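> I'd like to ask you about the structure that follows.
The values are calculated or read from the model by the stated rules, or taken from the named source; none is laboratory data. Computed from a predicted model, the values in this text were never measured in an experiment. As a convention, Cβ positions derive from the backbone with ideal geometry for all residues, glycine included, and neighbour counts pool all protein chains shown. Only protein heavy atoms, including side chains, enter the accessible area calculation; ligands, DNA and RNA are left aside. Shrake-Rupley method; radii C 1.70, N 1.55, O 1.52, S 1.80 Å.
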Amino acid sequence: MHQIPTTHRIDPSTGSMSNATGHYEKRLKDLAGIYGNAQAFEHAASGAGDRIVYTVHEARPTATQGDLIFGTTFMEPGQIGGEYFMTRGHIHARANRPETYYGESGQGVMLLETPEGETKIMEISPKVLIYVPPLWIHRSVNTGDTPLVMSFCYPSDSGQDYGVIARSGGMAKRIVANGDDWSAIDNTSYRPRDADEIARIYSTTD
Ligand SMILES: O=P(O)(O)OC[C@H]1O[C@H](O)[C@H](O)[C@@H](O)[C@@H]1O
Ligand SMILES: [Fe+2]
């Protein structure tokens, strides 16, 4: 009847987590369409499409509503046409489910966007915890020159909707290299969500 409590040791440098129940890798060739410079992406992917960009280790104790999914993301440093390596990004399929991220090693930013198109950009580094409230689209970006490792936790019934970013032509901002620092620029392909799309997102909440 009761589940058994578990302990998980996280290695801040590799993102490995003991007693994980699964892991997956995203390779350059899996990430077509997320970068502004399609030609730079094709060039990089044709040479090194199998290169792993990020690895997720996770534990999913049960799928029961009210349970949690937690784990780590390890993301390599790199750029495509001046734009930093990043996750695909998503809103939760049940869009009012929140998430936390905790910096383990490296430097990065969380790029956050509401359905209506407001942007927030939060820096993450070791010992910094970021709370992603319900209804925010989220993507992590490695702005450093070392791996970015973060641990995360979110409700087990959240799910991920990746199409929300594709349908708007990406997120409103892109995180690009600017000398030794990062900066946010407008994504010229971005199309703000219309009222139907916004209503669809809100209709997933309960
Ligand atoms: O799912 P992506 O947008 O590719 O991001 C990869 C992963 O990043 C974080 O670790 C999140 O907590 C995961 O839920 C997410 O799946
Ligand atoms: Fe998420």
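> Ordered by packing density, taken as the mean number of other Cβ atoms within 10 Å over each peptide's residues, highest first, how do 85-96, 23-34, 195-206 rank?
Ranked by mean Cβ neighbours within 10 Å, highest first: 85-96, 23-34, 195-206.
> Got a sec to turn the phi values of the stretch 71-77 into Karplus ³J(HN,Hα) couplings, 6.51 cos²θ - 1.76 cosθ + 1.60 with θ = phi - 60°, whole Hz, x for Gly and Pro?
Using θ = phi - 60°, the values come out as x, 9, 10, 10, 10, 5, x Hz.
> In addition: Go through 148-155, 74-81 and give me the packing order, highest mean Cβ count within 10 Å leading.
On the way: 148-155: 22.0, 74-81: 19.5.
Most protected by this proxy first, the peptides run 148-155, 74-81.
> Two-decimal Rg/Rh of the chain from alpha-carbon positions, Kirkwood Rh? Could you put the intermediate results ahead of the total?
Details: Rg = 16.9 Å, Rh = 17.6 Å.
Radius of gyration relative to Kirkwood radius: 0.96.
> Now a separate question. Quick one: pull the percent of accessible area on the chain belonging to carbon and sulfur, 1.4 Å probe, ligands and nucleic acids left out.
Details: 5310 of 10270 Å².
After summing per-atom areas, the C and S share lands at 52 percent.
> Check cross-link reach from Lys127 to the lysines: straight Cα distance under 27 Å, and skip same-chain residues fewer than eight apart.
Lys127 reaches Lys26, Lys173.
> Could you order the peptides 51-57, 179-185 from most to least packed, using the average number of other C-beta atoms within 10 Å per residue?
Ranking, from highest mean packing down: 51-57, 179-185.
> Here's something else I'd like to know. Between Thr7 and Ile121, how many nm apart are label points set 7 Å from Cα along the C-beta direction?
Taking the two extended label points, one gets 4.1 nm.
> Name the most mobile residue of Thr100, Thr72, Thr64, meaning the one with the largest mean-square fluctuation, in a Gaussian network model of the chain with Cα contacts below 10 Å.
Greatest mean-square fluctuation among the candidates belongs to Thr64.
> Solvent-accessible area per residue for the chain at a 1.4 Å probe radius, Å²? Kindly include the intermediate steps, with their values, before the conclusion.
Numbers: 10270 Å² over 206 residues.
Ligands and nucleic acids excluded, the result is 50 Å² per residue.
> At 222 nm, what helix-only mean residue ellipticity would the chain give, in deg cm²/dmol to the nearest 500, using -39500 (n - 2.57) for each DSSP H run of four or more? Kindly include the intermediate steps, with their values, before the conclusion.
Numbers: 3 runs with 24 residues, N = 206.
Taken over the chain, the calculation gives -3000 deg cm²/dmol.
> So, one more: Could you list which residues have their amide H under 5 Å from that of Phe85, counting only those 5 or more apart in sequence or on another chain, with H placed in the peptide plane?
Under 5 Å from the amide H of Phe85: Gly78, Gln79, Ile80, Asn142.
> Same structure again: Nearest 0.05, what FRET efficiency do Ser183 and Arg88 give at R0 = 22 Å with Cβ-Cβ as r? Please report the intermediate quantities before stating the final value.
Numbers: r = 22 Å, r/R0 = 0.99.
Once the sixth-power term is evaluated, E becomes 0.50.
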